[in-house]
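Read the structure below first, then the notes.
The values are calculated or read from the model by the stated rules, or taken from the named source; none is laboratory data. Worth saying up front: this structure is predicted, and the values here are computed from it rather than measured. Cβ coordinates were reconstructed from backbone atoms using ideal geometry, including for glycine residues, and neighbour counts include every protein chain displayed.
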Amino acid sequence: MDKFYLKDLKKAYRILRKEKNNNPVGSEKRKNFHKKMKEIKQKINDITYVEINPEKKAIIDKILEYRKDGYRESLEKFSLDELEFHYYKITGKVKNKEEYRELKGAMR
C-alpha cells in the first residue's frame, strides 16, 4: 500500500475525531462520525497488520500463560530477544541483561 494513503487515512481519522468531540453526546451527527471513524480505523488496521512469526508467537503465548492477571500489553512490537529476556525475567531465571546474555551464550 502507498504510505501516503495511510497518512491520509490517519489524517481523516483525526479530523473526524475532532468533529465528533465537538458534537453533543447522543446526537445523530456524533453517531455518524463514530461509524465513519470505525470504518477508517478498520482500514488502517488492515493496512498495518503484519503476520507474527511463529517463534515470537510461541514466546508471547508463554508470557500470557504465565501472567494470568489480565496482562494485556501489545507484545508484538518487541523483538524476539526482548521477549525472551522478559520471559526469563518474569519466571525468575535471570535478574538483568548481563545474566540473560550469559545464559544465551551458554545455550549456544
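For the range 1-21, which residues satisfy the criterion of being touching a Lys or Arg at 6+ places or on another chain (Cβ under 9 Å) and more than 27 Å from E76 (Cα to Cα)?
Once the filter is applied, which keeps residues that are touching a Lys or Arg at 6+ places or on another chain (Cβ under 9 Å) and more than 27 Å from E76 (Cα to Cα), the range 1-21 yields L16, E19, K20, N21.
When the residues of the range 13-29 are filtered to those that are assigned to a helix (DSSP H, G or I) and in contact with a helix residue (DSSP H, G or I) (Cβ under 6 Å, 6 or more places away or on another chain), which remaining residue is nearest to I40 (Cα to Cα)? Outline the logic, then answer.
Step one: list which residues in the range 13-29 are assigned to a helix (DSSP H, G or I), which gives 13-21, 28-29.
From what is left, the residues that are in contact with a helix residue (DSSP H, G or I) (Cβ under 6 Å, 6 or more places away or on another chain) are 13, 16, 19-20.
Working: Y13: 7, L16: 10, E19: 15, K20: 14 Å.
Filtering the range 13-29 for residues that are assigned to a helix (DSSP H, G or I) and in contact with a helix residue (DSSP H, G or I) (Cβ under 6 Å, 6 or more places away or on another chain), the one nearest to I40 (Cα to Cα) comes out as Y13.
Given the condition hydroxyl-bearing (S, T, Y), within 30 Å of L83 (Cα to Cα) and outside any helix (DSSP H, G or I), answer yes or no: does some residue in the range 37-52 qualify? Break it down stepwise before answering.
Pass one, the range 37-52, residues hydroxyl-bearing (S, T, Y): 48-49.
Next, from what is left, pick out any that are within 30 Å of L83 (Cα to Cα): 48-49.
From what is left, the residues that are outside any helix (DSSP H, G or I) are 49.
Yes, the range 37-52 contains at least one residue that is hydroxyl-bearing (S, T, Y), within 30 Å of L83 (Cα to Cα) and outside any helix (DSSP H, G or I).
Between a residue in the range 79-108 that is loosely packed, with under 13 Cβ neighbours inside 10 Å and any residue that is of a type in the set (D, E), which pairs come within a Cβ distance under 8 Å, given they are 6 or more apart or on different chains?
Taking only residues 6 or more apart or on different chains, the pairs are L80/E55.
What are the pairs, 6+ residues apart or on separate chains, where a residue within the range 22-41 that is more than 14 Å from L9 (Cα to Cα) has its Cβ under 6 Å from a residue that is assigned to a loop (DSSP other than H, G, I, E, B)?
The qualifying pairs are K29/N23; R30/N23.
Can you tell me which condition K20 does not meet? The list is (1) of a type outside the set (V, I, T); (2) at pLDDT below 90; (3) surrounded by 15 or more Cβ atoms within 10 Å (Cβ to Cβ); (4) over 30 Å from H86 (Cβ atoms), and all the others hold.
Among (1) of a type outside the set (V, I, T); (2) at pLDDT below 90; (3) surrounded by 15 or more Cβ atoms within 10 Å (Cβ to Cβ); (4) over 30 Å from H86 (Cβ atoms), the lone unmet condition for K20 is (2).
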